[in-house]
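Asker: Have a look at this one before I ask anything.
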Amino acid sequence: MTSITRALLASTAVFLVTAPVVPAADLTVGFTLDADTLDPANHRKRETETIIRNMYDGILTRDSNMKVVPEIAESMTQVSPTVYDFKIRSGIKFHDGSDLTAEDVKFTIDRITQEGAMGDGQTSPRQSLMGPVASAEVVDGDTVRITLKEPWPILPAMLPFQEVVSKAFVEKVGSAGLATMENGAGPFKLVEWRKGDAIIMERFDDYYGGAADIPPVGKACVDRVIFKIIPESASRVAALLAGDVDIINELPPFSVDQVKNNEGTDVMTVNGTRSFFIAMNMQGEYFDDPKVREAAAHAVDKDLIIDKILGGNAARIEGILSPDAFAASPDLTRYDYDPELSKKLLAEAGFPDGIEVTMDTEGAFKDTAEAIASLLTKGGIKTTVQVGEGAQLSDKWRTKGAPKSGDMYFTSWGNGSLDPYDIFTPTHKTNDRGNSAGYSNPEVDKLLDEAAVELDTAKRADMYHQAETIVNAELPYIYLWVPQDIYGVSKRLKGWKPSADSRINLHDACVE
Amino acid sequence: MSLGKLIERLIQLVPVLLGVSLIVFVMMTLTPGDPVQIMIGDQAVTPEQEAAMRRDLGLDRPIVERFFVFLGNAATGDFGTSFYHRRPVLEVIAERLPATIELSLVALIVALLTSIPLGVLAAIRKNSIFDRIATVGSLLGVSLPGFWFGILLLMLFAVHLHILPVSGRIGYSAEIEPITHLLLIDTLLRGRFDAFLDALSHIILPAITLGLPMTAILMRVTRTSMLEVMRQDYVTFAEAKGLSRRRVIFRHALKNALIPTVSVAAIETGSLLGGNMIVETVFGWPGLGRLVVESIFLRNYPLVQAAVLFYAVTYVLLNFVADILYTVLNPRVKL
């Protein structure tokens with residue numbers, strides 16, 4: 001009690017003397033994580049990229065419907081299955097006033113894709129995001145040609161993740177300098193980075209306007225943008241409610257009502273890109289039997305959990321792909337909730353008294369996993385939830401072919417490109433890195449491999465549909481849902497929509 | 001205390017630090033979870049690229065070799081490169097350290113300024129209502145989870161009453177050229193009283209949250225020790241001489257009663273560092289504690305090792321200071 005009285009006295013004193021000075025057009029984002037670095041080529045984190053993306057532009061970008069559109073490039077032409085040409089716009093300036101040229105774009109791509117191109121023998125940790133890129137050259141002065149080692153239809157979908165740097169600037173300050181300084185061609189320029197606290201940016205007045213396909217084209221609306229780092233969810237929500245910030249990311253579902261009911265704040269959602277599912281260990285004691293897997297699928301009431309635990313903020317899935325992803329099949333069999341059928345299937349499989357299993361998951365998903373476990377238990381699969389930590393669980397389940405120990409794993413896989421290539425393949429191809437179920441089907445492997453390099457979009461979609469139909473019948477996983485990204489926003493905020501790739505683009509956002 | 005003793009104590013630090021290094025090193029390495037796998041996440045990486053990442057981070061070498069390389073480098077002040085920031089670990093830690101030091105110091109001051117008067121008051125009004133409230137309060141103070149208490153303060157003062165900021169160290173408009181990197185001091189040195197108040201308003205809630213358990217402990221120690229001293233002959237004698245009660249308490253009793261308080265305070269200061277991890281997370285305080293927590297989850301070995309060594313050194317030194325203070329305040333005690 002005494003501390004509270006003291007705080008009250010002290011804070012009242014402070015309040016009386018400080019008149020809050022808030023410039024009219026500041027937009028503050030309450031954000032979960034600080035950037036690791038400001039070097040666009042030297043990180044592997046979504047949060048870092050979101051921060052960098054407001055200072056740097058890419059060759060291509062996405063609109064809010066996830067359609068890939070030219071940004072620094074004026075146009076893109078596919079010359080052959082392995083050659084793409086990008087015509088670079090003229091008149092784009094970096095923050096230091098210098099012109100952005102095709103040379104800078106080539107330099108950017110080389111820096112990411114070539115061995116040791118970061119200096120000091122370091123290779124960009126983003127190299128693998130650029131798949132089989134062999135080289136980049138400048139042709140005709142303003143065109144950059146990217147050549148691939150083999151056909152890779154998702155190159156355009158991956159380019160929005162790479163930001164264009166200035167060759168002259170990188171040569172001047174080095175990779176070490178780029179970690180804390182920036183010279184991008186994006187809508188905002190860096191004012192100050194207070195590590196662990198905030199990143200402060202201001203509008204870049206010579207901005208060329210961004211992608212022509214994403215109106216309104218022009219300078220940014222607000223004078224300053226501040227990413228304020230608040231890792232703890234409850235504190236982030238508090239900051240929004242108190243009016244300290246205008247947008248918060250990762251609003252927990254249980255705080256949605258509180259934010260909606262609060263005057264001056266609202267909730268915005270967008271379909272996310274992360275699919276949640278339960279891997280059933282197909283090399284284990286029970287789940288090697290398709291009947292047992294089917295029993296499990298019928299025992300989980302997805303709709304109930306989406307409704308009650310996720311507050312309705314998720315889309316149900318019957319396969320690994322998000323309904324928004326390329327080639328997501330709408331005609332997959334639904335395994336409806338039917339615990340009696342589950343028990344019957346178990347009995348047919350030789351377990352009339354049911355089975356006892358454990359389900360691994362991370363601490364953050366404990367509640368959801370326990371709800372699922374109680375549903376499974378009702379269906380005859382007595383499930384105990386066992387909480388582990390992310391890194392440890394990956395070691396245990398994503399064994400790339402090595403034996404797995406454990407029965408079930410409640411987990412998720414991200415798909416930022418919304419292309420099956422980086423979610424379907426790793427989770428379903430034999431011994432691939434995300435294949436937690438230990439699933440193996442040569443026919444699926446073949447379809448996935450061929451689809452990855454197929455250039456005819458219709459044929460490619462058809463291959464994925466075939467693969468989806470096979471795995472939907474064989475059920476290595478119980479496919480659950482794709483949660484929406486939930487943002488809390490201030491009603492002062494105008495012109496901003498959350499993006500399905502989890503990036504927060506503030507170019508068009510205004511505050512009243 | 002002689003210079004010889006002092007040097008002896010400092011030499012005793014060496015095995016402690018070696019032990020801590022070994023324990024941290026082994027624990028971090030044996031904890032399941034591979035930093036390279038975490039960095040890769042869901043992304044596609046060929047085995048060659050993965051091997052190259054491992055080589056870049058020096059993780060391809062055997063653990064024993066890595067330990068000795070670490071020790072050798074650490075002896076020359078090189079703690080390696082942070083996996084994620086890709087910059088020297090010491091540089092990354094140095095950026096975060098001042099915020100943690102500032103918060104700990106303010107928490108310490110808050111704890112000392114509140115616990116001692118309250119403890120003395122509780123002692124001289126033994127068994128009064130005030131004494132009982134203080135006793136219950138101090139019990140709560142040690143047992144309330146800092147996390148919960150912090151959120152509570154935050155909801156009350158920042159969200160409902162709207163008189164204090166939710167998180168951070170200072171507003172964005174206050175640009176202060178650093179001198180000591182302690183904002184409360186720098187703002188005053190620069191003559192920026194407005195910025196000083198801004199920084200002060202940011203530090204109040206985290207400092208109270210962080211200092212609460214310490215306040216509670218110190219209050220108990222002061223109360224007990226005060227009661228002890230008040231029973232001594234010289235206090236009775238002073239009272240018998242007809243000195244005023246106030247004079248007896250403050251001139252005669254308090255000075256001696258504070259001896260245990262001061263040494264407990266010095267030791268407890270070390271525990272402030274541990275509390276920082278939680279408090280910094282709740283209040284978005286840009287200090288070292290949060291960085292360490294994040295780094296543990298990411299298996300950022302070099303950063304965690306360096307930070308834990310730093311904590312160990314600080315803890316040992318604070319104990320050392322506590323011993324010295326004790327001998328200074330109480331000349332009968334020899335180390």
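The values are calculated or read from the model by the stated rules, or taken from the named source; none is laboratory data. Note that the coordinates shown come from a computational prediction; the quantities given were computed from them, not determined experimentally. All Cβ positions, even for glycine, are placed from backbone atoms using ideal geometry, and neighbour counts span all protein chains on display. Remember, those area values only see protein heavy atoms, side chains included, never the ligands or the DNA or RNA. Shrake-Rupley method; radii C 1.70, N 1.55, O 1.52, S 1.80 Å.
Asker: Mind ranking B:104, B:173 by accessible surface for me, highest first, 1.4 Å probe?
Answerer: B:173, B:104
Asker: Additional query: Would you please put B:201-207, A:310-316, A:92-98 in order of how densely packed they are, using the mean number of other Cβ atoms within 10 angstrom per residue and starting with the highest?
Answerer: In decreasing order of mean packing, B:201-207, A:310-316, A:92-98 become B:201-207, A:310-316, A:92-98.
Asker: To the nearest 10 Å², what's residue B:230's accessible area with a 1.4 Å probe?
Answerer: About 40 Å², rounded to the nearest 10.
Asker: Something else about it: Accessible area per residue, 1.4 Å probe, Å², for the stretch A:133-270: what's the number?
Answerer: For the stretch A:133-270, the solvent-accessible area averages 36 Å² per residue.
Asker: I'd like to check one number: the per residue accessible area of the stretch B:1-160, probe 1.4 Å, reported in Å² as a whole number. Walk me through the intermediate numbers first.
Answerer: Values: 8220 Å² over 160 residues.
Using a 1.4 Å probe on heavy atoms only, each residue of the stretch B:1-160 averages 51 Å².
Asker: Could I have the simple spin-label model distance between residue B:5 and residue A:32, label points 7 Å from Cα toward Cβ, reported in nm to one decimal?
Answerer: In this crude label model, residue B:5 to residue A:32 measures out at 5.4 nm.
Asker: If you don't mind, there's one more thing I want to ask. Tell me whether the stretch A:166-248 comes out rounded, prolate or oblate; compute the Cα gyration tensor, take square roots of the eigenvalues as a ≥ b ≥ c, and use a/c under 1.5 as the rounded threshold. It would help to have the intermediate numbers written out before the result.
Answerer: Working: a/c = 2.83, a/b = 1.32, b/c = 2.14.
Verdict is oblate for the stretch A:166-248.
Asker: Based on DSSP H assignment, which helices of chain A show an axial Cα extent of at least 15 Å together with a mean Kyte-Doolittle hydropathy greater than or equal to -0.5?
Answerer: Taking the DSSP H segments of chain A (at least 15 Å long, mean hydropathy at least -0.5), we get A:2-17, A:102-113, A:366-378, A:442-453.
Asker: Still on this structure, I have one more. Report the A-B buried area as the accessible area lost on both sides summed, probe 1.4 Å, in Å² to the nearest 100.
Answerer: Roughly 5100 Å² of accessible surface disappears when A and B pair.
Asker: Give me a single rounded figure for B:167-176: the average over its residues of other chain Cβ atoms within 10 Å of their Cβ.
Answerer: Across the residues of B:167-176, the mean count of other-chain Cβ atoms within 10 Å is 6.
Asker: Per-residue Cβ counts within 10 Å, from other chains only, averaged over B:198-206: what number is that?
Answerer: Mean partner shielding for this stretch: 3.
Asker: For a quick protection proxy, order the peptides A:333-339, B:262-268 by their average other-Cβ count within 10 Å, most packed first.
Answerer: Final packing ranking: B:262-268, A:333-339.
Asker: May I ask you to give the percent of accessible area on the protein assembly as shown that is carbon plus sulfur, with a probe radius of 1.4 Å?
Answerer: That share works out to 59 percent.
Asker: Something else now. Under a crude label model (7 Å from the Cα following the beta-carbon direction), how far is residue B:55 from residue B:175 in nanometres?
Answerer: Taking the two extended label points, one gets 4.4 nm.
Asker: Determine, from the Cβ-Cβ distance of residue B:227 and residue B:327 and an R0 of 25 Å, the FRET efficiency 1/(1 + (r/R0)^6), rounded to the nearest 0.05.
Answerer: Numbers: r = 24 Å, r/R0 = 0.96.
E between residue B:227 and residue B:327, to the nearest 0.05, is 0.55.
Asker: While we're here: Can you give the FRET efficiency to the nearest 0.05 for residue A:358 and residue B:73, using r as the Cβ-Cβ distance and R₀ = 51 Å?
Answerer: Efficiency, rounded to the nearest 0.05: 0.75.
Asker: Follow-up question, since we're still on this one. How much accessible area does residue B:76 have with a 1.4 Å probe, in Å² rounded to the nearest 10?
Answerer: 110
Asker: Counting DSSP beta bridges in the protein assembly as shown, what percent are antiparallel, to the nearest 5?
Answerer: On the way: 59 of 77 bridges.
Roughly 75 percent of the DSSP beta bridges within the protein assembly as shown come out antiparallel.
Asker: Would you calculate a helix-derived [θ] at 222 nm for chain B, using -39,500 (n - 2.57) for each DSSP H run of n ≥ 4 and dividing by the full residue count, to the nearest 500?
Answerer: -24000 deg cm²/dmol
Asker: Please give the length that would be gained between residue B:64 and residue B:143 if that part of the chain were fully extended, namely 0.36 nm times their separation in residues minus their C-alpha to C-alpha distance (nm, one decimal).
Answerer: Stretched fully, the residue B:64-residue B:143 segment lengthens by 24.3 nm.
Asker: Related question: Taking the Cα centre of the stretch A:161-317 as origin and charging only Cβ (+1 Lys, Arg; -1 Asp, Glu), how large is the dipole, in debye to the nearest 20?
Answerer: In total the dipole reaches around 260 debye.
Asker: With r defined as the distance between the Cβ atoms of residue B:26 and residue B:91 and R0 fixed at 30 Å, what FRET efficiency is calculated, to the nearest 0.05?
Answerer: Step by step, r from the Cβ atoms, then E = 0.70.
Asker: Additional query: In debye, nearest 20, what is the charge dipole magnitude of the stretch B:38-118 about its Cα centre with +1 on Lys and Arg Cβ and -1 on Asp and Glu Cβ, if you could check? Kindly include the intermediate steps, with their values, before the conclusion.
Answerer: Values: 7 positive and 10 negative charges, 30 e Å.
Once rounded to the nearest 20, the dipole reads 140 debye.
Asker: Largest first, how would A:115, A:294 line up by accessible area (1.4 Å probe)? Walk me through the numbers before you get to the answer.
Answerer: Working: A:115 125, A:294 65 Å².
If we order A:115, A:294 from most to least accessible, we get A:115, A:294.
Asker: Within the set A:308/A:459; A:429/A:497; A:260/A:302, which residue pairs have Cα atoms separated by over 28 Å?
Answerer: Those over the limit are A:308/A:459; A:429/A:497.
Asker: In peptide A:237-250, what is the residue-averaged number of other protein chain Cβ atoms found within 10 Å of each Cβ?
Answerer: Shielding by partners across A:237-250 averages 4.
Asker: Quick check: from the Cα gyration tensor, does the stretch A:298-354 come out rounded (a/c under 1.5), prolate or oblate?
Answerer: Here the stretch A:298-354 falls in the oblate category.
Asker: When ligands, DNA and RNA are left out and all protein chains stay put, how many square angstrom of accessible area per residue does the stretch B:232-296 have with a 1.4 Å probe?
Answerer: Details: 2820 Å² over 65 residues.
Result: 43 Å² of accessible area for each residue.
Asker: Now a separate question. Working with all protein chains in place, sort B:155, B:39 by solvent-accessible area computed with a 1.4 Å probe, largest first.
Answerer: Greatest to least solvent exposure: B:155, B:39.
Asker: Could you calculate the contour length gain from residue A:449 to residue A:336, that is, 0.36 nm times the residue separation minus the distance between their Cα atoms, to one decimal place in nm?
Answerer: Extra length from residue A:449 to residue A:336 when fully extended: 37.6 nm.
Asker: Using a 1.4 Å probe and ignoring any ligands, DNA or RNA, find the accessible area of residue A:510 and quote it in Å² to the nearest 10.
Answerer: 40
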